[in-house]
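The values are calculated or read from the model by the stated rules, or taken from the named source; none is laboratory data. These figures come from a predicted structure and were not determined experimentally. Cβ placement follows ideal geometry from the backbone for every residue including glycine, while neighbour counts extend to all protein chains displayed.
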Amino acid sequence: MSNSISSILYSIRRNHALEHATIQILSARKKYNFLAGYSDWRGFWVLGEVDTLDLQNAAREALNRLKGGESRLAVHPHCGTNFAVSGLLAGTAAMLALAGADSSRKKFERFPLVISLVTLALIAAQPLGPKAQQHLTTCPQPGDLEIASVRIAPFQFARVHRILTNGSQE
């Protein structure tokens, strides 16, 4: 992998961890019911009715706590990584259950097997999704990552904030 691609992925993983930590801190305050986030190499987005100052304070606290070693904040139970792992395992299980069933009747006869294997795959995905977050899609060691700005983004139908970060790359 080229150095610039690995550098971009490293930035995304750090921002993803900071996004999760920020949302977990805001959610713990029980003031905000629905929040969602999306990370990229420049920072992250937070969607939901959140006060800008609260978000700024939570992001700074999240960064400090990650720098202090609270890596558990980087793994969020509602992360898209969990859903992707679940979908991958369930789809693979269904495909395997139907392998070799060349007629509609044979496929229908295997329906109980499909349900059983998909259920087992979803059970297996419960611990694997957070592990994938921990080792692949987040990096809870922010290094010299800093919050550059927190601002409301101009969207018409939802309240969206853009959090920009900076820090030298690995």
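How about the stretch 1-40: which of its residues are part of a helix (DSSP H, G or I), among the hydroxyl-bearing types (Ser, Thr, Tyr) and over 18 Å from LEU66 (Cα atoms)? If the condition is that a residue be part of a helix (DSSP H, G or I), among the hydroxyl-bearing types (Ser, Thr, Tyr) and over 18 Å from LEU66 (Cα atoms), then SER4, SER6, SER7 are the ones that fit. Of all the listed residues (SER71, SER86), the sole one being in the same structural domain as LEU35 (by TED's automatic domain parsing) and either under 27 Å from PHE44 (Cβ atoms) or at pLDDT 95 or above (or both) is SER71. Figure legend. Inter-residue proximity from the stretch 115-140: first residues under 17 Å from ASP40 (Cα atoms), second residues part of a helix (DSSP H, G or I) and among the hydroxyl-bearing types (Ser, Thr, Tyr), beta-carbon distance below 6 Å, spacing 6+ or different chains. Indicated pairs: GLN133/THR81; THR137/THR81; PRO140/SER71.
For the stretch 34-50, indicate whether the set of residues that are at positive phi and in contact with a strand residue (DSSP E or B) (Cβ under 7 Å, 6 or more places away or on another chain) is non-empty. Yes, because at least one residue in the stretch 34-50 is at positive phi and in contact with a strand residue (DSSP E or B) (Cβ under 7 Å, 6 or more places away or on another chain). In a residue-by-residue description of the stretch 71-81, the property of being exposed (fewer than 13 other Cβ atoms within 10 Å of the Cβ) and of a type in the set (D, E, K, R) applies to no position. Within the stretch 41-80, the set of residues being closer than 23 Å to PHE155 by Cα and part of a helix (DSSP H, G or I) comprises THR52, LEU53, ASP54, LEU55, GLN56, ASN57, ALA58, ALA59, GLY80.
Within the stretch 84-141, the set of residues being within 25 Å of the chain's Cα centre (by Cα) and not in a helix (DSSP H, G or I) comprises THR138, CYS139, PRO140, GLN141.
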